[in-house]
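Inspection log for the structure reproduced underneath, given as structure tokens.
The values are calculated or read from the model by the stated rules, or taken from the named source; none is laboratory data. Since the structure is predicted, the reported quantities are computational estimates derived from the model, not experimental observations. Methodologically, a virtual Cβ is constructed for each residue, glycine included, from the backbone with ideal geometry; neighbour enumeration extends over all protein chains shown. These area figures cover heavy atoms from the full protein model, side chains too; ligands, DNA and RNA do not enter into them. Shrake-Rupley method; radii C 1.70, N 1.55, O 1.52, S 1.80 Å.
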Amino acid sequence: MYGYCIVFVSYTYNCYFFFNFCYFYMFVSQCSMVVGLLELGYETRFFEVVRYSGMNIFVLRYHNSATKDEDIKNAIEDAGFEADILPESSTVGKMPHGTLVGQFTIGGMTCAACVNSVEGILRSLPGVKRAVVALATSSGEVEYDPGVISKDDIVNAIEDCGFEASFLQSNEQDKIILGVVGVYSVIDGQVLEGIISSIKGVRQFHFDQISGELDVLFDPEVLSSRSLVDAIHGGSNGKFILHVRSPYTRMASKGVEEISTIFRLFVSSLLLSIPLFFVRVVCPHIPMVYSLLLRRCGPFLTSDWLKWALVSLIQFVIGKRFYIAAGRALRNGSTNMDVLVAVGTTASYVYSVCALLYGALTGFWSPTYFETSAMLITFVLLGKYLECLAKGKTSDAIKKLVELAPATALLVVKDKGGKFIEEREIDCLLVQPGDTLKVLPGAKIPADGIVTWGSSYVNESMVTGESVPILKEVNASVIGGTINLHGVLHVQAAKVGSETVLSQIISLVETAQMSKAPIQKFADYVASIFVPLVVSLALLTLLCWYIAGSIGAYPDDWLPENGNHFVFALMFSISVVVIACPCALGLATPTAVMVATGVGANNGVLIKGGDALERAQRVKYVIFDKTGTLTQGKATVTTAKTFTGMERGEFLKLVASAEASSEHPLAKAILSYARHFHFFDTGTENDAGDDVKTGWLFDVSDFSALPGRGVQCLIDGKRILVGNRKLMAENGIHISTEVENFVVELEESAKTGILVAYNDILTGVLGIADPLKREASVVIEGLQKMGVTPVMVTGDNWRTARAVAKEVSIQDVRAEVMPAGKADVVRSFQKDGSIVAMVGDGINDSPALAAADVGMAIGAGTDIAIEAADYVLMRNNLEDVITAIDLSRKTFSRIRLNYVFAMAYNVVALPVAAGVLYPSLGIKLPPWVAGACMALSSVSVVCSSLLLKRYRRPRLTAILEIIVE
């Protein structure tokens, strides 16, 4: 059995021991540290030393049975260092618990087969719980156990398969990546390392002087990210300037780097291919130049030497990426587009070289096809460059969302007494909860928070889709990324980093773009068999044309000059190999889903995944909750009547006291009405709203909320019940005919009747109205025109439910339904296989949202409802229900069109390339033309998906066939 010891080199003289992990902090030079470790190794018989970058971290593995903590301490002291043993409760070096979700950029993927290969490798790694790879974004998301596998192990596993990989970000709260300006020499780097090593709470760091990136792992309980930046900046006396590197910026830079690399390769290939074109086509018409090219130089002509040299550069230097990618695919037991390109170009190159050597040996000179190989690679690189440009545009939505967040924030610094000291500009990513931020007119709000001073109008359209500026005063909540229009605001940050609304929107869009729609399985299956099928078809083409020529099935005048049957058949075979394009199939779905999720976000509709997008286009029923969904959710008391002679003010005070502890919208309406009535009776001018103290209410005990019925509690030892008929019946409260008739009258006018019993006697009734949203009726009619059946479900009574349903023309109504019963209603519609959507906003809608095939949460609703839903309607507007369904239908129409195009291209192109039309029509595709077609096919599919960016939300006048003059 072995123990482990981790040694940290630092400016402190402390030693931390836990179980079999030991942490040493010593101030030594690297050379003396190595000597000390060797001496320590002699004493403790350790077996391995691993050095980590940054803080000179060493891991020592030693015999646990032969060594004790004190032995290690003594050995270190004997080596000339100091060490102390601290209790195990220290937080330094604790191993992380739970799983992390990390994002990685993955380069070198060309089609769905590559995606399947990488996913298979990742899922086979120990400690990996989940892995999803997206071709369109060249990225992967991995959920892993950091106690079993590290992010570096994941990167290494991907790279071992031949792909390029780098870690982008994770949900760790103890890591920060900083860009450092001011490090110009090795000495500057050492000074920076020294400053960081002296900061308490820093666990590990790594500085890359070439890129200027500093990765720091720290203890969030000891050190905050802003304190870390301030300590480094202050320790260098302002020499080092630091800024937080956004992972999205880093990902964008990698995308730009890939595009520039492909463009550079394309231009290089083009410049080398142009001389080949001149030698083959132009120079024969220029006698002086042509005579030079025909001059013999050794065994070959000058033109042959020139073409061989130029094509070798294109084939093995510029085209090296295709061989590397093909090799990694074959090593992983899969095939992709790179295999086809490598096979086709190599066949053309090898044949041309063999033809030259054969001619030199025998004197019989066959035609060479060096130009074919060069032009193939050039056209493939052109297609790849155009594809990268197009794929970059599919992620414009995330780029625009990221740009909404301001780069810096004005921090208001206060002393312990809350007195203003100064203002200073900080990186927006360093804002912490509780910070007071100053927002100037025209500036973006840095974080979600509460206004503590000032008043202004704020434009929230970029986040919520609401075009009208909203007045923000003291205690109003604001959203990070929105624009302050007029006045100066002081905002206390409440949510920062990944917890802000904007970050959650970005996360939702990212998750949707990473997810796979079920229809993608078709492309994955085709990709797995496509390349072997094409290679088999190419071999069959070669054999058929060669055998047909050998037996004289076609005339010899079809052959090229100085050509033979084998060369003639080989050109058809190469055309078949290079014209086949599995990329178009692999890009058909993910690019369309990426564009659709981005378009949805721009229109206030957040889509959580491709599977939800696919289900929404087949929705048959849309079930609406009533309160807060079809209605405005702003209930108001319109009637208050007593039946026992109790004074109205006393009656309202009793009811308000009972409802004060409830979170139900109707309870808040009752409390607001009673408060206003109470203060009005006493002559108070202040309509205090929610901020008035509740000291005027009775003391309540034994309060309990009864879902679907109401509330009950004790006031002065007497029971009070506030709720519906069911609550009264369960408690044996008699409802007189007069009360019943009054409640029926309320319900038939679309109001909710709330019954109140005090001391087991029915005391009075409250009438509450919740007005319908203005767009409710036309949205319902619009859904019906789209072939979708609307249904309303509510916990309210049948009369009120029917009255509301009648106003919006809903025929199917389910009333007096408990929260759990709403999920049962959803399942009842799903029994015949129908796709059901549920639209709701409250906590009580969460079971139904989760049970529905497509859950749609109104954005202004609760976090729990939003969590359970597949779609989030940010604008709190029912018209977005139509937008969500219409967008999904348009998206999948586009995906089907992409598949039809990709399949039709391959189905039509392969026979033409194989020469099926040559005997009858004389049509054949030279390999370089086939390569151009293959390169442009994937580009055309991506461009087809990009047409979704022209999507416009449907106009209700068009859906309802209303002619506006």
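Filter segment 121-140 for residues that are at pLDDT 85 or above and polar (S, T, N, Q) and give the result.
Answer for segment 121-140, where residues must be at pLDDT 85 or above and polar (S, T, N, Q): just Ser124.
Go through (1) open to solvent by 40 Å² or more (accessible area, probe 1.4 Å); (2) in contact with a Ser or Thr (Cβ under 6 Å, 6 or more places away or on another chain); (3) modelled with pLDDT under 85 for Gln492 and report which single condition fails.
Unmet for Gln492, out of (1) open to solvent by 40 Å² or more (accessible area, probe 1.4 Å); (2) in contact with a Ser or Thr (Cβ under 6 Å, 6 or more places away or on another chain); (3) modelled with pLDDT under 85: (3).
In segment 712-755, how many residues are at pLDDT 90 or above and hydroxyl-bearing (Ser, Thr, Tyr)?
Qualifying residue count, segment 712-755: 2.
Would you tally the residues in segment 643-668 being open to solvent by 10 Å² or more (accessible area, probe 1.4 Å), touching an Asp or Glu at 6+ places or on another chain (Cβ under 8 Å) and among the small types (Gly, Ala, Ser)?
1
Of all residues in segment 756-771 being open to solvent by 10 Å² or more (accessible area, probe 1.4 Å) and part of a strand (DSSP E or B), which is modelled with the lowest pLDDT?
Ala769
(1) under 22 Å from Gly108 (Cα atoms); (2) at pLDDT 85 or above; (3) open to solvent by 20 Å² or more (accessible area, probe 1.4 Å): which one isn't true of Ile158, the others all being true?
(3)
Within segment 335-367, work out how many residues are buried (at least 24 other Cβ atoms within 10 Å of the Cβ) and in contact (Cβ under 8 Å) with a residue 40 or more places away in the chain.
Summing the residues that are buried (at least 24 other Cβ atoms within 10 Å of the Cβ) and in contact (Cβ under 8 Å) with a residue 40 or more places away in the chain in segment 335-367 gives 10.
Does segment 778-790 include one or more residues that are among the β-branched types (Val, Ile, Thr), under 21 Å from Thr642 (Cα atoms) and either touching a residue at least 12 places away in the same chain (Cβ under 8 Å) or open to solvent by 20 Å² or more (accessible area, probe 1.4 Å) (or both)?
Looking for residues that are among the β-branched types (Val, Ile, Thr), under 21 Å from Thr642 (Cα atoms) and either touching a residue at least 12 places away in the same chain (Cβ under 8 Å) or open to solvent by 20 Å² or more (accessible area, probe 1.4 Å) (or both), one finds none in segment 778-790, hence no.
Could you tell me which residue of segment 197-230 is farthest from Gly497 (Cα to Cα), considering only residues that are in contact with a Leu (Cβ under 8 Å, 6 or more places away or on another chain) and in a helix (DSSP H, G or I)?
Val229
If you go through segment 726-733 one residue at a time, do you hit one that is of a type in the set (Gly, Ala, Ser) and surrounded by 15 or more Cβ atoms within 10 Å (Cβ to Cβ)?
No - not one qualifying residue is present in segment 726-733.
Hey, Glu425 hits all of (1) out of contact with any Ser or Thr (no Cβ under 6 Å at 6 or more places or on another chain); (2) open to solvent by 20 Å² or more (accessible area, probe 1.4 Å); (3) at pLDDT 85 or above but one; which does it fall short on?
(1)
Could you tell me whether segment 772-789 includes any residue that is in a strand (DSSP E or B) and at pLDDT below 90?
Yes - at least one qualifying residue is present in segment 772-789.
For segment 816-823, state whether one or more residues are under 22 Å from Ile780 (Cα atoms), open to solvent by 10 Å² or more (accessible area, probe 1.4 Å) and modelled with pLDDT under 80.
No, the conditions are met nowhere in segment 816-823.
Considering only segment 186-194, I want to know if a residue exists there that is assigned to a strand (DSSP E or B), touching a residue at least 40 places away in the same chain (Cβ under 8 Å) and either over 27 Å from Ser507 (Cβ atoms) or under 24 Å from the mean Cα position of the chain (by Cα) (or both).
Scanning segment 186-194, I find no residue that is assigned to a strand (DSSP E or B), touching a residue at least 40 places away in the same chain (Cβ under 8 Å) and either over 27 Å from Ser507 (Cβ atoms) or under 24 Å from the mean Cα position of the chain (by Cα) (or both), so the answer is no.
How many residues does segment 591-642 hold that are within 28 Å of the chain's Cα centre (by Cα), more than 28 Å from Pro819 (Cβ to Cβ) and open to solvent by 20 Å² or more (accessible area, probe 1.4 Å)?
4
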